[in-house]
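> My questions will all concern the structure given below.
A short reminder: the numbers here are calculations on the coordinates, not readings from a lab. Given the structure is predicted, the values throughout are model-derived calculations rather than measurements. Neighbour counts run over all protein chains shown; Cβ positions are idealised from the backbone, glycine included.
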Amino acid sequence: MKEQSIKLGLRPNLVQFALLAINNAFVGTMVGIERTVVPILGQRTFHLSSLAVLLAFIASFGLVKGPLNLVAGRLADRWGRKPILIAGWVFGLPVPLIIILAPSWTWIVIANLLLGANQGFAWSMTVTSKIDLVGPKQRGMALGINEFSGYIGVAVISTIAGYLASAYSPRPIPFIVSEIIAVIGLLTALIFIRETLPFTKLEMSTKASNEVTPSLGRVFTLVSFKNPTLFACSQAGLINKLSDTAIWGLVPIQMARGHFTVAQIGLISGIYAFTWGVLQLGSGIWSDHVGRKLPIASGQILNAIGIALVLVAHSLAMWVTVALLMGLGTALVYPVLLSAVGDASHPAWRGSALGVYRMWRDGGYAVGGVLLGLGADWLGIYRIFVILAVIVFLSGVTVTILMSETLRVADSKH
């Protein structure tokens, strides 16, 4: 693809943008089924009593997904986006089959290692490719649409999986659906989705910049702690995943202890993901006008309030309120953090910067899976939710203090 034959922006690249959105919806469904079914599978099929052991499947997911986000970004800057997307789907293909055949919980943990690779490669590339296509002016909208498509996939399949598991059993029907989706996702990536790296080269060619691409180590230090704004984004992403780990692993268990059905648990997971997914469309566009800092800080605080309300959630209506609040909070945070990191990164090393950020963000699954599981066994679920609410609130305060607005930086830097 020659640079003179391509243009930056949503309208001239609408077909490819739509294909990437659809593919990301398929990526979302892979993890959406697990959010409803696997915690119940652990208790009812494998009879796990320790929450630390049960949440090991989330920890294994984050342990792989976080570092592979970093690797995916760097490889994509060198080799292109499409090969990494395809590799992600190859890792995802065996996951449903392993869960269907699993004779022990160890197999489930192993399957989630592969699922982490699937999400780390495939979701990363749909994010990076959309940023490539639209250029800097529509970045917030692009990220909003990307996360919308992915989490609509999570929402729809969470609800369907809850119904299927309740009507039949946790295995195998929900995971047969997952396997079909994985095959479709791989074929879509192979046949229809094009390479977007030339768009990044075009963007760089239109900017008056002599910036040399830094080493991965240099990018790592900038995003992790040296740049206050990027540090604020990284810690907010990690803490947000701690709260998401609680929704994924602890809320289904807490609801099951309250004698809610698997279908009702799936409904709450679906409402949370649906609210998160739909409202991201607005939050991404909103951040293109008001900036990134306000949505991120306010979203973290709303998340903290939602977590605190878990303590008084004894009815389905109250659980719906929790899901709506946390979905709204995460919608304000999730795509806007990606936009902020994209704003503050030069096109030459943006893929690597997004990879480092997503490593820290999704590392929250590994940290959360271990700490929340051990903490729940030691202190009890209720105390863990109290501690988590305080941590998420303090994360929002950190953003308010340390983060500089990045929207105007994007206009001047690129």
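> Using only the alpha carbons of segment 261-414, what is the convex hull's orientation-averaged projected area in square nanometres?
Answer in nm², one decimal: 9.8.
> In Å and whole numbers, how far do the C-alpha atoms of the chain stretch along each principal axis, longest first?
Projected onto its principal axes, the Cα set of the chain covers 61, 46, 34 Å.
> Run the helix sum for the chain: -39,500 (n - 2.57) per DSSP H stretch of 4+ residues, divided by residue count, reported at 222 nm to the nearest 500 deg cm²/dmol.
Computed mean residue ellipticity for the chain: -27000 deg cm²/dmol.
> Which residue, chosen from Ile305, Ile40, Met359, occupies the Cα position most advanced towards the positive end of the dipole of the chain, where the dipole is computed from +1 (Lys, Arg) and -1 (Asp, Glu) charges on Cβ about the Cα centre?
Of the options given, the answer is Met359.
> Can I ask one more? Putting +1 on Lys and Arg Cβ atoms and -1 on Asp and Glu Cβ atoms, find which of Val322, Phe231, Tyr272 reaches farthest to the positive end of the dipole of segment 203-342.
Result: Phe231.
> Under unit Cβ charges (Lys, Arg +1; Asp, Glu -1), what dipole magnitude, rounded to 20 debye, does segment 312-408 have relative to its Cα centre?
100 debye
> Follow-up question, since we're still on this one. Suppose every Lys and Arg Cβ carries +1 and every Asp and Glu Cβ carries -1, with no other charges. What dipole size does segment 255-379 come out with about its Cα centre, to the nearest 20 debye?
Computed charge dipole of segment 255-379: roughly 100 debye.
> What is the calculated FRET efficiency for Arg11 to Phe225, with r their C-beta to C-beta distance and R₀ = 45 Å, to the nearest 0.05?
Plugging the Cβ-Cβ distance into 1/(1 + (r/R0)^6) gives 0.70.
> Sticking with this one: Spelling out what I want: for every residue of segment 120-128, take phi, set θ = phi - 60°, compute 6.51 cos²θ - 1.76 cosθ + 1.60 (Karplus), and round to whole Hz; glycine and proline get x.
x, 7, 6, 5, 4, 6, 5, 5, 5
> By counting other Cβ atoms within 10 Å of each Cβ, how are Lys293, Lys130, Lys137 ranked from fewest to most?
Sorted ascending by nearby Cβ count, the order is Lys137, Lys293, Lys130.
> When a footprinting reagent is the concern and you count Cβ atoms within 10 Å, what order do His47, His346 take, fewest first?
Exposure proxy ranking, most exposed first: His47, His346.
> In Å, what Kirkwood hydrodynamic radius results for segment 323-376 from the alpha-carbon pair distances?
12.8 Å
> Going down the list Lys82/Lys201; Lys7/Lys226; Lys82/Lys130; Lys226/Lys293; Lys7/Lys82, which pairs span over 23 Å between their C-alpha atoms?
Checking Cα-Cα distances, Lys7/Lys226 exceed 23 Å.
> Using a 10 angstrom cutoff on alpha carbons, build the Gaussian network for the chain and name the most mobile of Thr128, Thr275, Thr398.
Largest GNM mean-square fluctuation: Thr398.
> Short version: ³J(HN,Hα) in whole Hz for each residue of segment 279-295, in order, from phi by Karplus 6.51 cos²θ - 1.76 cosθ + 1.60 (θ = phi - 60°), x for Gly and Pro, what are they?
6, 5, 4, x, 5, x, 5, 4, 5, 5, 10, 9, x, 8, 5, 4, x
> Could you list which residues have their amide H under 5 Å from that of Gly135, counting only those 5 or more apart in sequence or on another chain, with H placed in the peptide plane?
Gly9
> At 7 Å along Cα-to-Cβ for each site, give me the label-to-label distance between Leu187 and Leu101 in nm.
Modelled inter-label distance: 2.2 nm.
> Sticking with this one: Quick one: angle between helix 350-379 and the longest Cα principal axis of the chain, in degrees between 0 and 90, rounded to 10, please.
The answer is roughly 20 degrees.
> A follow-up question, please. Given labels modelled 7 Å from the Cα in the Cβ direction, how far is it in nm from Glu195 to Trp378?
Spacing of the two 7 Å Cα→Cβ label points: 5.0 nm.
> For Thr45 and Ser215, compute 0.36 nm times the residue count separating them, minus their Cα-Cα distance, and round to one decimal in nm.
56.5 nm
> Please state the charge dipole magnitude for segment 6-136, taken about the Cα centre, from unit charges on C-beta atoms (+1 on K and R, -1 on D and E), reported in debye and rounded to the nearest 20.
320 debye
> Another question, then. Over the Cα atoms of segment 221-322, what is the Rg over Rh ratio if Rh follows Kirkwood?
Computed over Cα atoms, the ratio is 1.04.
> I've got another one for you. Below 10 angstrom from the Cβ of Met403, what's the summed charge of the other residues (Lys, Arg +1; Asp, Glu -1)?
Summing Lys and Arg as +1 and Asp and Glu as -1 gives +1.
> Subtract the Cα-Cα distance of Val397 and Ser169 from 0.36 nm times their separation in residues, and report this length gain in nm to one decimal.
77.7 nm
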